[in-house]
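Below is one structure, written out as structure tokens; comments come after it.
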Ligand code: ADP
Ligand code: MG
């Protein structure tokens with residue numbers, strides 16, 4: 001295994017070992033790619049040949065669907081073509097949305113570089129809590145689909161945009177789906193608005209059906225002002241190379257370890273070429289980076305020339321950029337990534353892909369009302385995309401850390417749209433804020449389940465966000481909708497204004513909005529646990545965060561202080577930034593900023609006001625720390641990263657659940673159960689459950 005196969009061989013991956021990506025050879029030789037001028041590089045991309053066709057279709061069609069292999073230039077080129085063709089004149093903007101924040105930043109930076117402008121001037125981006133655009137200057141704007149949804153609250157018809165490109169539509173993120181439904185509505189009111197739906201897979205067919213099913217109205221010839229209302233569909237022929245697929249012979253238990261061994265094996269035996277490893281999240285990526293780095297240190301010979309880099313959202317900008325920088329001669333870059341590198345970002349020079357077969361996915365069970373993040377098998381469509389990343393510059397090899405039988409008989413053909421496996425609380429409130437009342441009757445690309453919808457309405461009613469007629473309450477409902485956070489967090493903030501502890505609560509909200517403020521990794525667990533104890537509060541993690549924040553400020557925001565205490569400095573900088581933004585939002589919507597000094601009871605009450613639905617009690621006879629959720633009687637445990645791990649107080653509220661061998665509560669705080677009835681009488685009153693004592 002591992003030898004390069006002749007190019008152009010067509011073998012279906014379901015039968016043979018070769019994944020056929022597409023026909024012709026790459027027009028340029030792989031060497032020298034890095035030296036070509038930017039203009040030359042742009043012209044070499046597959047979309048370049050379609051430039052005229054794309055612009056013509058957009059001119060003449062309300063909606064254009066563009067399918068093209070990852071790396072063909074959809075994201076970076078099409079917005080530039082639009083600008084060159086005059087779509088950004090007269091104060092109009094071109095928007096390009098992405099499901100992921102990191103992709104927004106990376107792509108905007110690349111486009112600014114290609115255009116030779118400063119990021120934030122003509123080319124800018126907006127993600128939650130970070131707006132790098134200039135009014136009247138920015139004409140190409142990259143943003144998350146979630147941010148574009150938020151913009152609709154102030155400008156329901158998105159009037160400042162001439163063209164909106166909804167990119168990565170195949171990902172079917174919850175915000176993409178809501179956005180598509182709303183854009184379809186907007187188009188009826190703004191026929192001049194052009195939509196581009198771009199996607200890496202042929203699944204675009206269902207998108208095209210979605211945009212085709214317009215209500216038949218007085219539309220003779222299905223045309224309006226010479227504009228075709230039927231969507232146009234264009235497929236950009238990619239130029240990927242063949243990728244040879246190697247499967248594991250036996251099922252693999254520890255995919256982190258297996259990935260590390262595979263990388264070392266590739267490095268030992270295979271010719272030059274960078275490696276891309278797909279793992280699931282920051283924790284396993286950090287672990288793999290650590291293992292490989294240790295290997296480089298202890299066994300230099302075997303691993304000399306290896307450059308190991310992580311790639312996940314939340315990574316500081318400087319580290320992100322390393323991933324895109326060309327690999328030096330004689331070196332081999334190993335990028336260990338979440339599924340962000342599956343289709344959202346293109347890395348040049350990848351020849352080997354190691355696919356764990358897993359990704360972190362959200363799952364929601366409306367019966368137990370529990371949503372958690374689970375490491376779950378990917379779909380066959382994702383596996384093919386991952387493999388495809390190896391064939392960009394020359395024929396490549398993909399090592400699948402699962403068996404062929406598993407691929408063929410156990411993986412789903414395609415992923416399930418996120419809207420069908422998520423808690424819908426945020427989704428419902430956003431639609432309500434946009435005046436969409438009949439949510440079940442909304443024109444969804446994929447319908448959410450009625451059970452999940454009813455659960456969401458119930459929670460929002462209990463939060464005091466919706467009234468008896470399922471309309472947003474004033475002011476609470478509108479305030480919650482204004483804060484760009486999970487409605488439970490927003491409600492916690494609003495309650496804190498009444499309880500006089502908003503200064504503390506916005507700190508907590510800011511900390512909860514970053515991945516983790518701790519430094520983790522294999523080998524440092526004991527030291528970091530000890531460091532954590534220095535700040536640990538008996539009340540739980542939320543209060544512990546306040547102690548850390550205080551310590552960080554007292555240290556003069558020092559990076560050494562963070563290092564010494566196993567606190568992630570970059571995460572803390574982010575917390576400061578988010579906190580500033582939240583402060584502004586809170587003041588704008590008329591809440592009172594006030595500190596409760598050392599009264600932690602009000603802080604816990606504020607948390608309860610938002611997160612009452614996540615209340616749990618310790619099973620009386622449990623000796624292993626088993627809790628039950630008050631609502632659904634689900635078995636849950638305190639996560640080992642919590643300061644309350646092994647402390648096991650009787651009543652707690654958690655912020656989120658993660659599921660591995662068990663369901664673990666992350667970020668836990670102690671409460672007095674009587675506060676639950678106070679916070680949400682409707683939610684708990686009529687339920688049959690353990691007495692609240
Ligand atoms: P698509 O959206 O079709 O997947 P992109 O427009 O993202 O393709 O990428 C097109 C090409 O632009 C890539 O193949 C790569 O050569 C180059 N490119 C994109 N982003 C970067 C980056 N951040 N750094 C360097 N090159 C990049
Ligand atoms: Mg793209």
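The values are calculated or read from the model by the stated rules, or taken from the named source; none is laboratory data. Every value quoted in this text rests on a predicted model; they were computed, and no experiment measured them. Reconstructed Cβ throughout: ideal geometry from the backbone, glycine too, with neighbour counts over all protein chains shown.
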Restricting region 333-348 to residues that are within 11 Å of ligand 2 (Cβ to nearest atom) and over 13 Å from residue 312 (Cβ atoms), the one modelled with the lowest pLDDT turns out to be 346
Within region 159-181, of all residues that are over 18 Å from residue 198 (Cβ atoms) and in contact (Cβ under 8 Å) with a residue 40 or more places away in the chain, the one nearest to ligand 2 (Cβ to nearest atom) is 174
> Can we say residue 45 is under 18 Å from residue 352 (Cα atoms), touching a helix residue (DSSP H, G or I) at 6+ places or on another chain (Cβ under 7 Å) and either within 16 Å of ligand 1 (Cβ to nearest atom) or at pLDDT below 70 (or both)?
Replying inline: no
For region 338-371 the number of residues that are part of a strand (DSSP E or B) and within 16 Å of ligand 1 (Cβ to nearest atom) is 3
Restricted to region 90-116 and to residues being in a loop (DSSP other than H, G, I, E, B) and within 24 Å of residue 317 (Cβ to Cβ), the residue farthest from ligand 1 (Cβ to nearest atom) is 116
Scanning region 52-79 for residues that are buried (at least 19 other Cβ atoms within 10 Å of the Cβ) and either more than 19 Å from residue 201 (Cα to Cα) or more than 30 Å from the chain's Cα centre (by Cα) (or both) gives 57, 58, 61, 62, 79
Margin query: Going residue by residue through region 118-133, is there one that turns out to be more than 21 Å from residue 311 (Cβ to Cβ), at pLDDT 95 or above and within 15 Å of ligand 1 (Cβ to nearest atom)?
Written below: yes
Checking 335, 374 in turn, the sole residue that is under 30 Å from residue 657 (Cβ atoms), assigned to a strand (DSSP E or B) and within 16 Å of ligand 1 (Cβ to nearest atom) turns out to be 335
Taking region 559-581 and keeping residues under 21 Å from the mean Cα position of the chain (by Cα), surrounded by 20 or more Cβ atoms within 10 Å (Cβ to Cβ) and free of Cβ contacts under 8 Å to residues at least 60 places away in the same chain leaves 568, 572
Among residues of region 48-71 being within 16 Å of ligand 2 (Cβ to nearest atom), at pLDDT 95 or above and outside any strand (DSSP E or B), the residue nearest to residue 170 (Cα to Cα) is 54
Self-check item: Test: residue 75 is within 15 Å of ligand 1 (Cβ to nearest atom), assigned to a strand (DSSP E or B), within 27 Å of residue 513 (Cβ to Cβ) and in contact (Cβ under 8 Å) with a residue 60 or more places away in the chain
Solution: no
Note on residue 591: of the conditions (1) part of a helix (DSSP H, G or I); (2) within 24 Å of residue 653 (Cβ to Cβ); (3) out of contact with any strand residue (DSSP E or B) (no Cβ under 9 Å at 6 or more places or on another chain), unmet is (1)
Here the qualifying pairs (Cβ atoms under 9 Å; residues six or more apart or on different chains; first in region 336-348 and at positive phi; second assigned to a helix (DSSP H, G or I) and within 8 Å of ligand 1 (Cβ to nearest atom)) come out as none
Within region 307-332, the residues that are crowded, with 20+ Cβ neighbours inside 10 Å and away from ligand 1 (no atom under 14 Å from the Cβ) are 308, 310, 312, 332
Note on residue 423: of the conditions (1) crowded, with 20+ Cβ neighbours inside 10 Å; (2) part of a helix (DSSP H, G or I), unmet is (2)
- Confirm whether residue 131 is outside any loop (DSSP other than H, G, I, E, B) and away from ligand 2 (no atom under 16 Å from the Cβ). yes
Of (1) in a loop (DSSP other than H, G, I, E, B); (2) modelled with pLDDT of 95 or more, residue 182 satisfies every one except (1)
task: Please verify whether region 398-413 includes one or more residues that are within 16 Å of ligand 1 (Cβ to nearest atom), farther than 30 Å from residue 478 by Cβ and touching a strand residue (DSSP E or B) at 6+ places or on another chain (Cβ under 6 Å).
output: no
Expected single match for under 15 Å from residue 71 (Cα atoms), surrounded by fewer than 22 Cβ atoms within 10 Å (Cβ to Cβ), away from ligand 2 (no atom under 16 Å from the Cβ) and in contact (Cβ under 8 Å) with a residue 40 or more places away in the chain among 394, 362 is 394
For region 437-446 the number of residues that are free of Cβ contacts under 8 Å to residues at least 24 places away in the same chain and surrounded by 15 or more Cβ atoms within 10 Å (Cβ to Cβ) is 1
| message | So for region 274-284 (the condition being under 30 Å from residue 426 (Cα atoms) and either assigned to a strand (DSSP E or B) or within 16 Å of ligand 1 (Cβ to nearest atom) (or both)), does at least one residue qualify? | response | yes
For residue 459, the lone unmet condition from (1) over 21 Å from the mean Cα position of the chain (by Cα); (2) surrounded by fewer than 19 Cβ atoms within 10 Å (Cβ to Cβ); (3) over 20 Å from residue 179 (Cα atoms) is (2)
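Table: residues versus (1) surrounded by fewer than 20 Cβ atoms within 10 Å (Cβ to Cβ); (2) modelled with pLDDT of 95 or more; (3) in contact with a strand residue (DSSP E or B) (Cβ under 8 Å, 6 or more places away or on another chain); (4) assigned to a strand (DSSP E or B).
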{"site": "583", "(1), (2), (3), (4)": "yes, yes, no, no"}
{"site": "595", "(1), (2), (3), (4)": "yes, yes, no, no"}
{"site": "633", "(1), (2), (3), (4)": "yes, no, no, no"}
{"site": "644", "(1), (2), (3), (4)": "no, yes, yes, no"}
{"site": "653", "(1), (2), (3), (4)": "no, yes, yes, yes"}
{"site": "677", "(1), (2), (3), (4)": "yes, no, no, no"}
{"site": "689", "(1), (2), (3), (4)": "yes, no, no, no"}
Out of (1) more than 26 Å from residue 348 (Cα to Cα); (2) touching a strand residue (DSSP E or B) at 6+ places or on another chain (Cβ under 9 Å), the one residue 367 does not meet is (2)
Output yes when any residue across region 82-89 is in a helix (DSSP H, G or I), surrounded by fewer than 24 Cβ atoms within 10 Å (Cβ to Cβ) and in contact (Cβ under 8 Å) with a residue 24 or more places away in the chain, and no when none is. yes
Within region 372-391, the residues that are under 16 Å from the mean Cα position of the chain (by Cα) and touching a residue at least 24 places away in the same chain (Cβ under 8 Å) are 372, 373, 374, 375, 378, 382
